[in-house]
Amino acid sequence: MIETTNSYFLPDSERMEAFGALLAHCCAPGSVLYLYGDLGAGKTTLVRGFVHALGHRGAVKSPTYTLVETYDLGEQRVNHFDLYRLGEPEELEYLGIRDYFDNQAISLVEWPQQGRGMLPPALITVQIEYEQGGRRVTLSGETPATESVYRCVATHFVDR
């Protein structure tokens, strides 16, 4: 399958959270999403919208020092990783990384390049870039399940 990309302009953090919520409704259990972007680009804001859409009502912050935050949301579990401060990918073994990735949990991984070789492949890669006071979010991937997420997002995305 040929890699496909879809791109969306989001003018503010409110729209970034709404986009995260949309992704949550489009991703099935077992999905792995890689999140790329500079510091402050909006990765954690997207995750906040994602987790809140699945029922979490508390705070969602970047797990920069703990590396992972797990949200048990009824029948759905979401793992939010931030690997920015990871020294070596092998450190993930001490975290018990393999236990987090199963067919039930959805995992969102900020700074996945830091864990190269230790992470499962992504269903969707999310690239967030600064653009004209807002953000450009580009989704990419190359599996049949990726196509399903693309269709879902494109069908429900509202450009206000």
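Here the spin labels are modelled as points 7 Å beyond Cα on the Cα-Cβ line, and at residue 13 and residue 28 they lie 3.5 nm apart. Working note: Cα atoms of the chain, range along each principal axis, descending, whole Å: 44, 33, 32. Can you grab the distance from the C-alpha centre of the stretch 83-160 to the C-alpha centre of the stretch 42-82, Å, no decimals? So the two Cα centres are separated by 13 Å.
Largest accessible area first, the residues 102, 12, 72 order themselves as 72, 12, 102 under a 1.4 Å probe with ligands, DNA and RNA left out. Here is the tail figure for the stretch 28-75: Cα pairs spaced more than 16 Å apart come to 43 percent of all pairs.
Between residue 132 and residue 158, the simple label model (points 7 Å from Cα in the Cβ direction) yields a spacing of 2.1 nm. Here, the stretch 1-48 has an Rg and a Dmax of 11.7, 34 Å when only alpha carbons are counted.
Would you compute the Debye intensity of the stretch 48-95 from its alpha-carbon atoms alone, equal scatterers and no solvent, and pass along log10 I(q)/I(0) at q = 0.19, 0.22, 0.28 Å⁻¹ to two decimals? Each listed q maps to, in turn, -0.64, -0.78, -1.03. For the stretch 1-108, the list of GluC sites (Glu not before Pro) that fall in a loop by DSSP and count at most 14 other C-beta atoms within 10 angstrom reads 3, 75, 90. Around the Cα centre of the stretch 1-113, unit charges on the Cβ atoms of Lys, Arg, Asp and Glu (plus for the first two, minus for the last two) sum to a dipole of about 360 debye. Ranking 118, 16 by solvent-accessible area of protein heavy atoms (1.4 Å probe, all protein chains present), from largest to smallest, gives 118, 16. Of the trypsin sites (Lys or Arg not before Pro) found in the stretch 66-110, those in coil by DSSP whose Cβ has at most 15 other Cβ atoms within 10 Å are 85.
Using the rule -39500 (n - 2.57) for each DSSP H run of four or more residues, divided by the residues of the chain, the 222 nm mean residue ellipticity is -8500 deg cm²/dmol. A viscosity of 1.567 mPa s and a temperature of 4 °C, combined with the Kirkwood radius over Cα pairs in Stokes-Einstein, give a translational diffusion coefficient for the stretch 73-160 of 86 µm²/s. Taking all Cα pairs closer than 8 Å and separated by 6 or more residues, the relative contact order of the chain comes to 34 percent. Of the trypsin sites (Lys or Arg not before Pro) found in the stretch 99-149, those that fall in a DSSP loop while having at most 15 other beta-carbon atoms within 10 Å are 116.
The values are calculated or read from the model by the stated rules, or taken from the named source; none is laboratory data. Keep in mind that this is a model prediction, so the values were computed, not measured. Every residue, glycine among them, receives a Cβ derived from its backbone with ideal geometry; neighbour counts consider all protein chains shown. Areas reflect the complete protein model, heavy atoms only, side chains present, ligands, DNA and RNA absent. Shrake-Rupley method; radii C 1.70, N 1.55, O 1.52, S 1.80 Å.
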